Amino acid sequence: MAEGKDPLRYFRIEARELVDQISAGVLDLDQGGGPEPVARLLRVAHTLKGAARVVRQKEIADRAHAFEEVLIPYRGVDVPPAADAMRELLRLNDEIAARVAELEDRPKPPVASGPDEPAPAPAPAEVVVNPRAVTADLDELLDAVGETTARMAPLRAGCATLERLHRAAETLADQLRTGRGTTPATARSAAERLAGKLGSAGRRFTDAVDQMQRELDEVRARAESLRLVPAGSMFTAMRRAVRDAADAEGKRVRFEARGAGVRMGAHLLGPVSGAFLHLVRNAVVHGIEPEPQRLSAGKPAEGTVTVEVERRGRHAAFRCLDDGRGFDLDALRDTARDRGLLPSGAGPPDDAGLLDLVLRGGISTSPSVTEVAGRGIGMDAVREVAARLHGDVRVSSTPGAGARVELVIPLALLSMTGLNVESAGMTSTLPLDAVRACVRLSAQDATTAAVTGRIVYDGGAAPFLPLAEALYAGTPVPESTGVGAAVVVKGEAGLFAIGVDRLAGTSALVARPLPDLARASPVVGSVTVDAEGNPRLVLDPDGLAAEVAGGRPAGAGPAAAVAPLPILVVDDSLTTRMLERSILESAGYEVDLAASGEEALEMARARRYGLFLTDIDMPGIDGFTFVERTRADPRLAGVPAILVSSRAGAADRERGRAAGADAYVAKGEFDQERLLGHIRRLVVRS
Amino acid sequence: MTVAGRVTRLREEFDRSFAEPARVLECETVELLAVGAGDRPYALRLTEASGVHPDRPVTPLPTSIRALLGVAGFAGAVIPVYDLAALLGHPVPRRPRWLLLAKGTPPLALAFHELDRHLRVPLADVVDGADPRGCLRGMVRLPDGHRPIVDVPAVRELVHRLAGYRSVPEEAR
């Protein structure tokens with residue numbers, strides 16, 4: 001050590017990885033058995049033994065050897081290890097893990113530790129995410145970098161071609177200047193050849209650059225996702241906790257895990273896994289009944305504890321489920337009464353009220369306190385984590401069928417695959433896992449869908465909304481090529497479709513929350529940064545669903561909606577006034593009419609309106625001025641205003657926006673549905 | 001002047017700049033940016049800004065806050081952009097070209113239309129005075145007229161109110 005060289009530098013990394021494999025392998029063996037896991041475990045233990053001997057870590061080598069000895073009788077036979085053998089494997093696994101962990105805590109080799117002193121079994125209160133778990137991700141990143149580097153070759157070749165073409169152009173220019181060795185005809189054909197070659201070189205360059213751009217996007221997304229850890233990294237410790245608790249209780253319990261691939265920041269996964277270790281232990285000890293009881297209840301002898309991780313929009317949901325007896329609600333009720341937690345005079349609390357009490361702490365779901373659970377700590381831990389991570393906890397229980405605890409936390413960074421869509425000149429991204437289908441729409445289909453607000457999909461009619469209307473709610477929608485495709489999305493209340501101009505491929509991305517001061521409509525879930533460093537909106541399927549349903553929260557029917565305030569139509573043309581009134585009245589709105597801006601201002605001050613719909617060109621004060629004056633009046637500033645005009649120029653739209661109009665509808669493209677869409681979204685309800 | 005003459009002069013200036021003691025300004029000065037927002041002249045205190053950027057793409061956001069233009073990317077961070085003219089109560093004829101990163105947290109960029117020039121003015125030329133609307137603080141006297149000075153912290157306050165933002169204690173984050 002005098003040279004300062006650390007001989008254990010590489011061993012620590014390798015041992016850590018091997019220990020992880022052993023821990024997972026032992027638990028696999030415990031649940032499955034069979035020749036394959038045995039052979040794999042033997043290989044890993046053997047590797048560890050060899051490596052430990054090289055660096056003179058006798059204790060680790062000896063334990064790895066003992067581990068092999070226990071396993072050898074089960075090699076190649078299809079008999080699961082006996083319970084004693086299993087216990088011994090787990091013990092050795094713990095000891096090896098403890099020794100390896102010790103090496104990591106103290107980079108210098110221990111000087112005076114008794115070789116036979118038993119190592120304390122690790123008690124993981126919080127799962128530390130293994131930095132080596134990112135190896136596979138690093139490999140993928142390196143692959144992507146390699147792929148990108150490979151794209152340099154065509155560019156290099158292109159540079160050489162360009163140089164050659166440059167020389168050819170100079171030669172040609174020389175020939176033309178001196179007029180020697182060339183005729184106009186040959187010069188022209190030389191120039192044409194040159195132009196052709198330049199054209200194809202240019203196309204190759206464009207292709208190569210496009211390709212590179214895509215590869216670099218991929219590299220960036222992979223590098224970003226390295227900041228995130230898969231949820232699966234916490235499952236091994238949970239399986240082990242279930243196994244140990246079941247062993248201590250003499251029960252047979254299977255652990256199931258779902259959603260290992262969901263990625264999130266390690267700062268979230270650490271605390272959650274700590275709390276869930278308590279939950280799974282509780283589930284085994286207090287949830288799962290003893291075998292005879294299960295059998296007499298018609299349940300399988302083996303109990304099941306399941307942990308599920310799922311991404312839901314910008315939240316992650318963690319669930320712990322068991323198929324045990326459920327919470328003992330009567331016992332809870334008694335405890336609550338004894339502790340004076342129930343308000344005096346009130347009747348006995350209902351089940352939901354009781355579970356709420358459990359959640360608020362103070363009473364345990366367990367009838368007795370044991371070594372591993374029953375102090376109400378499990379629930380406390382979950383509650384504390386929820387508070388720390390700004391999450392929510394929900395508890396439910398079905399007597400005789402099991403209990404379920406769910407923790408939902410908001411995600412700061414989230415890795416996902418997105419479907420990029422273009423709409424009214426803006427590219428935004430939909431989480432691909434919410435997308436069910438993409439349908440190409442002809443101009444006629446698009447019009448029909450926009451007018452009816454529905455699209456036929458899979459034999460049914462799904463609600464439809466052009467995305468531009470959701471993205472530019474309340475502001476004029478920029479000119480666009482028009483809707484060319486519909487994306488069918490799964491929302492909480494069923495399928496719906498959004499209309500987009502163009503699909504722009506999929507990409508891996510890391511979504512982050514909108515910044516604090518950027519308060520956006522619920523249509524936007526999060527934001528990501530594109531290859532040029534500019535923000536790109538990530539749409540929220542549930543927010544979109546609500547917008548498609550007419551801005552009402554999903555589930556609320558039209559009857560439940562609050563009645564809109566009347567609409568004031570301002571236009572100097574009688575025909576237009578009447579036309580607009582008939583459209584609005586048939587859509588169920590109450591309408592007042594004004595023939596000039598002055599009259600409208602007077603009426604607006606005399607009655608509460610839900611919206612102003614005004615023409616621009618009128619004698620007296622025009623529509624812009626009317627809108628400006630209402631915006632300047634504190635009593636009227638809150639009433640949305642829509643400008644309707646035969647002027648369709650961008651300058652007029654901009655002027656309307658400047659005046660404070662919430663939407664701009666050109667008469668030339670007058671479209672009842674679009675107008676009603678704006679009104680539905682903007683109108684103030686009483 | 002010959003090239004040799006210029007070289008000699010530059011050399012002398014270079015040497016002199018080392019020989020002379022660092023100059024101390026006789027009076028205290030304020031550094032300001034003269035800007036145009038919504039076709040009106042304003043000044044911004046340079047000490048209240050952490051950067052000024054032209055022509056940065058702003059991704060529009062669907063929002064009910066009229067002054068919120070959208071979000072822009074700055075070195076990998078996503079920062080909300082508010083229209084200064086709209087915050088000061090002027091109708092907004094055009095999209096602003098310049099972004100000023102306001103000091104403080106959370107991150108905030110203010111967009112304005114023109115960057116007229118950078119000014120260093122004696123403190124005496126700045127007239128203090130409260131503004132009824134609350135987003136201006138004092139005026140600066142300039143040869144081409146007076147310019148109200150935008151109170152960036154007060155504008156930030158207004159944005160916080162509009163966005164319904166309440167600061168979270170550090171330990172709760």
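The values are calculated or read from the model by the stated rules, or taken from the named source; none is laboratory data. For clarity, every value in this text was computed on a predicted model and none was experimentally measured. With ideal geometry, Cβ positions are generated from the backbone for all residues, glycine too; neighbour counts draw on all protein chains shown.
Quick rundown of the values:
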| item | result |
| --- | --- |
| Residue identified as away from chain A (no Cβ under 14 Å) and either more than 30 Å from residue A:650 (Cβ to Cβ) or modelled with pLDDT under 85 (or both) among B:160, B:146 | B:146 |
| Test: residue in region A:242-250 that is touching a Lys or Arg at 6+ places or on another chain (Cβ under 8 Å), surrounded by fewer than 22 Cβ atoms within 10 Å (Cβ to Cβ) and not assigned by TED's automatic domain parsing to the domain that holds residue A:292 | no |
| Count of region A:59-75 residues which are farther than 16 Å from residue A:19 by Cα, surrounded by fewer than 22 Cβ atoms within 10 Å (Cβ to Cβ) and out of contact with any Leu (no Cβ under 8 Å at 6 or more places or on another chain) | 2 |
| Sole residue being part of a strand (DSSP E or B) and modelled with pLDDT under 85, chosen from A:538, A:527, A:562, A:510 | A:510 |
| Region B:69-96, subset in a loop (DSSP other than H, G, I, E, B) and surrounded by 15 or more Cβ atoms within 10 Å (Cβ to Cβ), residue farthest from the other protein chains (Cβ to nearest Cβ) | B:88 |
| Considering residues of region B:53-68 that are assigned to a strand (DSSP E or B) and under 17 Å from the mean Cα position of the chain (by Cα) only, the residue nearest to the other protein chains (Cβ to nearest Cβ) | B:53 |
| Test for residue B:111: is it more than 9 Å from chain A (Cβ to nearest Cβ), surrounded by 20 or more Cβ atoms within 10 Å (Cβ to Cβ) and under 18 Å from residue B:41 (Cα atoms) | yes |
| Residue, nearest to the other protein chains (Cβ to nearest Cβ), within region B:97-108, restricted to residues that are of a type outside the set (D, E, K, R) and assigned to a loop (DSSP other than H, G, I, E, B) | B:106 |
| Failed item, numbered, when residue A:592 is tested on (1) closer than 29 Å to residue A:465 by Cα; (2) within 13 Å of chain B (Cβ to nearest Cβ) | (2) |
| Selection status of residue A:451, within 24 Å of residue A:269 (Cα to Cα) and more than 14 Å from chain B (Cβ to nearest Cβ) | no |
| Tabulated pairs, region A:253-278, first closer than 15 Å to residue A:316 by Cα and assigned to a strand (DSSP E or B), second among the basic types (Lys, Arg) and modelled with pLDDT under 85, C-beta under 8 angstrom, 6+ apart or interchain | A:265/A:227 |
| Count of residues meeting criterion [buried (at least 19 other Cβ atoms within 10 Å of the Cβ) and more than 14 Å from every other protein chain (Cβ to nearest Cβ)] in region A:644-658 | 2 |
| Filter pass, residue A:253 being crowded, with 21+ Cβ neighbours inside 10 Å, outside the structural domain of residue A:20 (by TED's automatic domain parsing), of a type outside the set (Gly, Ala, Ser) and in contact with a Lys or Arg (Cβ under 6 Å, 6 or more places away or on another chain) | no |
| Among residues of region A:523-537, those that are touching a helix residue (DSSP H, G or I) at 6+ places or on another chain (Cβ under 7 Å), more than 7 Å from chain B (Cβ to nearest Cβ) and crowded, with 18+ Cβ neighbours inside 10 Å, counted | 1 |
| Cβ pairs under 8 Å, 6+ apart, first in region A:289-309 and under 24 Å from residue A:240 (Cα atoms) and in contact (Cβ under 8 Å) with a residue 60 or more places away in the chain, second buried (at least 17 other Cβ atoms within 10 Å of the Cβ) and among the aromatic types (Phe, Trp, Tyr) | A:305/A:255; A:307/A:235; A:307/A:255; A:307/A:276; A:307/A:318; A:309/A:318 |
| Matching residues, region A:402-434, being more than 13 Å from the chain's Cα centre (by Cα), small (Gly, Ala, Ser), over 16 Å from residue A:512 (Cα atoms) and not assigned by TED's automatic domain parsing to the domain that holds residue A:380 | A:423, A:424, A:425 |
| Residue within region B:114-131 that is surrounded by 14 or more Cβ atoms within 10 Å (Cβ to Cβ), within 11 Å of chain A (Cβ to nearest Cβ) and in contact (Cβ under 8 Å) with a residue 60 or more places away in the chain present | no |
| Residue list for region A:32-58, filter: surrounded by fewer than 18 Cβ atoms within 10 Å (Cβ to Cβ) and closer than 25 Å to residue A:253 by Cβ | A:32, A:33, A:34, A:35, A:36, A:40 |
| Condition met for residue B:49 (within 17 Å of the chain's Cα centre (by Cα) and among the small types (Gly, Ala, Ser)) | yes |
| Where a residue in region A:492-519 is within 14 Å of residue A:421 (Cβ to Cβ) and away from chain B (no Cβ under 14 Å) and its partner, wherever it lies, is of a type in the set (D, E, K, R) and not in a strand (DSSP E or B), with Cβ under 8 Å and at least six apart | A:507/A:217; A:507/A:218 |
